[in-house]
Amino acid sequence: MTFDTALVVERLPQMLAATRLTLGVSLLAFVLAVLVGLVMAAGRRSRLVPARALSFVYVNVFRGAALYVLVIWLFNGLAVATGILLSALTVGVLALTLLNSAYLAEVFRAAISGVDHGQWEAGNAIGLSRWDVFRRVVAPQAARIAVPATGNHLVDALKDSSILAVIAVPELMFVTNGIAQTTFRPFELYVTAAGIYLAIVFVLSWGLRRLERRLGVSGTRPVAPVV
Amino acid sequence: MGPGEQAETVIDLRGIQKWFDDNHVLRGVDLTVTRGEHVCVFGPSGSGKSTLLRTINLLEEPQRGSVRILGVEYGPGVDGEVGRGRAPAKQLRQHVGMVFQQFNLFPHMTVLDNVAIALRRVRGVDRAEAEERAARQLRRVGLLQKVSAYPSQLSGGQQQRVAIARALVLDPDVMLFDEPTSALDPELVGEVLGAMRDLAETGMTMVVVTHEMGFAREIGDQNVFMDEGVIVEQGGREIYTDSREARTRDFIRAVL
Ligand SMILES: Nc1ncnc2c1ncn2[C@@H]1O[C@H](COP(=O)(O)OP(=O)(O)OP(=O)(O)O)[C@@H](O)[C@H]1O
Ligand SMILES: [Mg+2]
């Protein structure tokens with residue numbers, strides 16, 4: 001068998017265009033997942049019982065959901081049950097957000113608990129409000145704890161976005177499937193697709209390592225003052 | 001203080017009771033501290049010294065008892081009757097500074113920011129003035145040269161002195177110390193006790209939980225021996241040489 005380089009070169013622009021959607025969907029879902037994850041983590045720590053209950057249920061339902069099932073159900077099942085019709089793209093972003101936010105809520109909750117209780121006490125003892133203790137004292141330290149695991153979820157969201165091919169979101173995997181079926185050269189095309197995913201993950205990981213270093217996650221160098 | 005002049009009461013605790021679940025940790029403690037007084041609290045491990053100190057600034061909420069600071073009630077009252085009439089803890093902390101055994105400095109902030117943050121966020125002082133006032137407190141504990149260091153770059157003794165400056169910057173009416181030297185290597189104890197001695201000499205009102213009996217004998221105007229959640233004996237410096245209670249004598253003999 002020969003490797004059809006010409007085919008790859010010819011189809012690469014089309015695949016890179018689809019990669020933009022892959023990046024767009026996964027980055028958007030990740031940003032939303034971080035926001036929802038923060039809200040849910042706050043809910044788990046709230047003094048209000050309904051807030052705690054709600055976020056407990058949310059986290060445990062969506063952490064337990066399989067992405068593939070969630071995607072199919074949101075795309076087909078939801079319409080049947082409620083008449084709500086979502087576009088494939090919306091379903092894609094929604095599913096990735098729900099799943100990752102449930103995991104991130106746990107990451108954030110653990111990171112906040114990981115900050116020494118003495119930090120809360122010291123903040124309270126100098127008269128800071130509960131919010132200021134969180135915002136100025138606890139959150140910056142929790143952020144350092146949370147960065148590596150949070151970064152992993154960004155990488156996961158990127159790779160998981162390939163599942164959206166099943167509902168015809170025209171991202172990298174869907175477009176690659178299409179080209180492979182019409183050209184009968186699956187080997188070259190899937191190797192290329194894999195290479196693109198790998199390259200993005202490589203760049204993301206590099207960026208995350210830089211961020212970790214800047215925040216002093218792995219070393220001892222502290223972050224810039226936050227007062 | 002001249003004759004007939006009444007010293008102002010800074011702390012007035014009445015009938016303090018505290019339970020952790022079934023564990024009755026404070027069983028009715030009364031304590032009055034007047035302005036400028038230096039109170040030393042000692043006693044065996046688990047006797048409730050830290051819990052008592054922490055109720056003074058409401059890091060622990062007593063279930064029963066009156067916590068009056070400068071005449072204002074912050075506690076639930078002796079029979080739990082105060083209810084909604086009590087003042088908020090945040091107000092109390094404007095008057096009471098606290099130094100912890102484990103320092104509890106904010107590791108992500110410089111020494112200067114550790115001290116300045118309360119002025120900025122609690123008092124709303126602008127940055128330039130907050131930093132100047134923070135620097136003044138750091139000079140007082142001999143650490144002006146460390147303003148831009150991070151806590152992890154300091155020795156334990158230096159960290160504890162920063163913690164003292166952090167508590168002093170709000171100009172509290174009383175300073176609480178919970179075994180401020182017990183987490184330190186022996187050779188670093190002296191510098192922290194030195195800073196506390198200087199503070200005592202300025203007339204600062206202080207309540208110190210300590211196992212440093214030598215230091216307690218030196219500064220303690222009122223000395224309190226606790227055991228099993230009650231004050232067994234309290235008095236002037238004579239408590240260290242001829243205490244009335246056998247339990248006090250046994251404890252002092254054991255630690256000296
Ligand atoms: N947060 C807490 N939750 C449950 N129990 C606690 C808590 N803090 C203290 N206790 C219990 O209260 C009792 C008194 O503790 P406290 O720390 O006040 O003693 P202490 O006199 O300061 O002792 P030490 O000399 O060891 O510091 C102990 O039995 C302790 O186990
Ligand atoms: Mg203690």
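Every read-out reported here was derived from the displayed coordinates using simple, explicitly stated rules and does not represent laboratory data. All values derive from a computational prediction rather than experimental measurement. Positions of Cβ are backbone-derived with ideal geometry, glycine not excepted, and every protein chain shown enters the neighbour counts.
Of all beta bridges that DSSP places with both ends in the protein assembly as shown, some 55 percent have antiparallel geometry. In the range A:5-215, a dipole from Cβ-located charges (positive for Lys and Arg, negative for Asp and Glu) runs towards its positive end, and of A:Phe56, A:Gly24, A:Pro140 it is A:Pro140 whose Cα lies farthest in that direction.
Within the set of other residues whose C-beta is less than 13 Å from the C-beta of A:Leu189, count the net charge using Lys and Arg as +1 and Asp and Glu as -1. Taking every Cβ under 13 Å from that of A:Leu189, the sum is -1. Build a GNM of chain A with springs between Cα atoms under 10 Å apart, and of A:Val31, A:Val133, A:Val147 the one that fluctuates most is A:Val133.
The charge dipole of the protein assembly as shown, taken about the Cα centre with unit charges on the Cβ atoms of Lys, Arg (+1) and Asp, Glu (-1), comes to about 1440 debye, rounded to the nearest 20. Take each residue in B:92-100, count the other chain C-beta atoms within 10 Å of its C-beta, and the mean is 3. With the charge dipole of the protein assembly as shown set up from +1 on Lys and Arg Cβ and -1 on Asp and Glu Cβ about the Cα centre, the Cα lying farthest toward the positive end among the listed residues B:Val189, B:Thr55, A:Tyr190 is that of A:Tyr190.
The Cα center of the range B:92-138 and the Cα center of the range B:174-205 differ in position by 18 Å. Across all C-alpha atoms in the range A:5-215, the radius of gyration and Dmax reach 20.5, 70 Å. Fewest-first ordering of A:Glu212, B:Glu201 by other beta carbons within 10 Å of each residue's beta carbon gives B:Glu201, A:Glu212. In chain B, a dipole from Cβ-located charges (positive for Lys and Arg, negative for Asp and Glu) runs towards its positive end, and of B:Gln159, B:Val78, B:Gly124 it is B:Gly124 whose Cα lies farthest in that direction.
Please get the size of the charge dipole for chain B, origin at its Cα centre, with Cβ charges of +1 on Lys and Arg and -1 on Asp and Glu, quoted in debye to the nearest 20.
Numbers: 30 positive and 36 negative charges, 142 e Å.
The dipole of chain B has a size of about 680 debye.
Each Lys and Arg adds +1 at its Cβ and each Asp and Glu adds -1 at its Cβ; summed about the Cα centre, the range A:5-215 shows a dipole of about 580 debye. Enclosing the Cα atoms of the protein assembly as shown in their convex hull gives a volume equal to 214 cubic angstrom per residue.
Each helix, a run of at least 4 DSSP H residues, gives -39500 (n - 2.57); summed and divided by the residues of chain A, these come to -25000 deg cm²/dmol at 222 nm. Relative to a virtual label point 7 Å from the Cα of A:Gln14 in the Cα→beta-carbon direction, which members of the range A:176-207 show backbone nitrogen distances below 13 Å? Taking a point 7 Å out along Cα→Cβ of A:Gln14, the residues of the range A:176-207 whose backbone N falls under 13 Å are A:176-186, A:189-190. Here the range B:11-53 and the range A:1-30 have alpha carbon centers that stand 70 Å from each other.
Qualifying trypsin sites (Lys or Arg not before Pro) in the range B:179-245, where qualification requires a DSSP coil assignment and no more than 13 other C-beta atoms within 10 Å, comprise B:Arg244. Here B:Lys90 is the anchor, and the lysines within straight C-alpha reach of less than 27 Å, apart from those fewer than 8 places off in the same chain, are B:Lys18, B:Lys49.
Once the piece of chain linking A:Trp206 and A:Leu28 is laid out straight, how much longer is it, given 0.36 nm per residue of separation minus the C-alpha distance between them? Net length gain for the segment: 62.1 nm.
Neighbour counting of Cβ atoms within 10 Å sorts the residues A:Phe184, B:Phe100, fewest neighbours leading, into A:Phe184, B:Phe100. Taking GluC sites (Glu not before Pro) across the range B:3-39, the ones in a DSSP loop with at most 15 further Cβ atoms lying within 10 angstrom of their Cβ are B:Glu5, B:Glu8. Summarising the amide proton neighbourhood of B:His38: residues at separation of 5 or more, or on other chains, whose placed amide H is nearer than 5 Å comprise B:Met206, B:Asp221, B:Gln222. Residue exposure proxy: B:Asp113, B:Asp12, B:Asp171, B:Asp221, ordered by other Cβ atoms within 10 angstrom of their Cβ from fewest to most, comes out as B:Asp171, B:Asp221, B:Asp12, B:Asp113.
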